[in-house]
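The values are calculated or read from the model by the stated rules, or taken from the named source; none is laboratory data. All figures in this text were calculated on a predicted structure; none of them were measured in a lab. Reconstructed Cβ throughout: ideal geometry from the backbone, glycine too, with neighbour counts over all protein chains shown. Side chains are part of the model used for accessible areas, which takes the heavy atoms of the whole protein and leaves out ligands, DNA and RNA. Shrake-Rupley method; radii C 1.70, N 1.55, O 1.52, S 1.80 Å.
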Amino acid sequence: MDERLEPLPACVINCAVYDREGHRRDITLDAISDVLAVDDGSFVWVGLYEPEDALLEKLQEEFGLHDLAIEDAQKAHQRPKIEAYGSSFFIVAHTAQAVEGHILFGETHIFLGPRYLVTVRHGASLSYAPVRARVEREPELLALGPTYGLYAVLDFIVDHYLPIVTDFRDELNKLEQDIFADTFRRDTIVKLYELKRELTQLRLAVAPMQDILAQLTRIHGTLVPDEVRLYFRDVLDHAMRVNESTDTLREMLTAAMSVNLSLVTVNQGEVVKKLAGWAGLLAVPTLVASWYGMNFHHMPEIQGRYSYYILIGVVAVVCILLYRYLRKVRWL
């Protein structure tokens, strides 16, 4: 039976109650407190996207949420964290998605209680409708309570981290040809820097997620059943894998930047060597020409009939010998 009497606000994506068997029933915001007043093993799941302050205050009234948690949810610039307020918890997770080669970050604020789950999305965040659809196909697991819904949301967030790291690894592989090129390309260094900068920002989202999941698997035994604790442990393994992959890729990017700059420096040194070699070759005829260009009257070799040709031959021989030597030592 659908108890909805009027359309939900646009920022309310879903508002439903799940009974002890995991079956869904849509309700209105005003009906939340009535549902929670009856201890029948059900729980309420509300999904919001960038709600107004008045709506958050309405949810605070319905669920009895803490003032500090509501204040944090109103400000969409929070660090990833988990905080306890009595028998409820407030969780902040950073979301990420790759758009046209760049990472867009958002936030999801989560209120978790014994009989409710509220997700508040801000910024670049994919809809959790697929998450709801997936868990609703497994009502026996959804019957475990709101913590299973929390697991599904966090698993969805973490699963979208790894494809980003994979895409950036593929991008780095494509840049290898430019990294080891003989000529310097400024665009290559700029691209490597951008990749590292965005991966550093991604790490700021992934690393705290490990702490959140670790606490959910160890500390909050009264709110997290043992059956759900195993699922959080699985998400923690995924988060650790993403974090390790991110660190490895950041190190590879640092090494790639260093290698590229080193190769550019070596290439510049080779150019300088070649310039010095050609300068040495030009120095021989320049020296001879300057010597005989001093216009001294008493230079007996100038008077010889074949002096000019002999001088040309000597210069040519010296230049050839010097050229062969420079080629041998790879200065030319």
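Accessible surface area normalised per residue over the chain is 55 Å², counting heavy atoms of protein chains with a 1.4 Å rolling probe. Value of Rg to Rh for the stretch 193-312, rounded to two decimals, is 1.69; Kirkwood radius and Rg both from alpha-carbon coordinates.
Counting only alpha carbon atoms, the long axis of helix 53-63 and the longest principal axis of the chain meet at about 50°. Between residue 24 and residue 281, the modelled labels are 7.9 nm apart [label points 7 Å from Cα along Cα→Cβ].
For the Cα atoms of the chain, what angle does the longest principal axis make with the long axis of helix 186-218, in degrees from 0 to 90, nearest 10? The helix 186-218 is inclined about 30 degrees to the chain. With one equal scatterer per alpha carbon and no solvent term, the Debye-computed log10 I(q)/I(0) for the stretch 85-163 at 0.11, 0.19, 0.20, 0.27 1/Å reads -0.30, -0.83, -0.90, -1.33. Quick note on the stretch 56-211: its Rg to Rh ratio, both from C-alpha atoms and Rh being the Kirkwood radius, is 1.09. A Stokes-Einstein calculation at 20 °C with viscosity 1.002 mPa s, built on the Kirkwood radius of the stretch 163-249 over Cα pairs, returns a diffusion coefficient of 142 µm²/s. Among beta bridges from DSSP that stay inside the chain, the antiparallel ones total about 85%. Within the chain, the percentage of alpha carbon pairs spaced more than 31 angstrom apart rounds to 52%. Listed by chain and number, the lysines placed with their C-alpha closer than 18 angstrom to that of residue 58 are 75; residues fewer than eight positions away on the same chain are left out. Listed by chain and number, the lysines placed with their C-alpha closer than 25 angstrom to that of residue 191 are 174; residues fewer than eight positions away on the same chain are left out. Surface composition of the stretch 37-141: carbon and sulfur make up 50 percent of the accessible area, probe 1.4 Å. Share of pairwise Cα-Cα distances greater than 21 Å in the stretch 1-134 is 41 percent (whole percent).
Across every pair of non-identical alpha carbons in the stretch 59-118, the mean reciprocal distance, once inverted, gives a Kirkwood radius of 12.5 Å. Per residue, the convex hull spanned by the alpha carbons of the stretch 140-185 comes to 60 Å³. Working ranking of peptides 258-270, 160-172 by packing, defined as the average number of other Cβ atoms within 10 Å per residue, highest first, is 160-172, 258-270. Each Lys and Arg contributes +1 and each Asp and Glu -1, all at the Cβ; summed about the Cα centre of the stretch 196-252, the dipole is approximately 200 debye. Each Cα pair under 8 Å and six or more residues apart adds its sequence gap; the mean of these over the residue count of the chain is a relative contact order of 13 percent. Take every Cα pair under 8 Å whose residues are at least 6 apart in sequence, average their separation, divide by the length of the stretch 1-71, and the relative contact order is 32 percent. Mind checking which lysines have their Cα closer than 18 Å to the Cα of residue 328? Skip sequence neighbours fewer than 8 apart in that chain. Output for residue 328: 273, 274. Using bins of 5 Å that start at zero, the share of Cα-Cα pairs per bin across the stretch 250-332 amounts to 3, 13, 14, 15, 11, 9, 9, 7, 5, 4, 4, 3, 2, 1, 1, in whole %.
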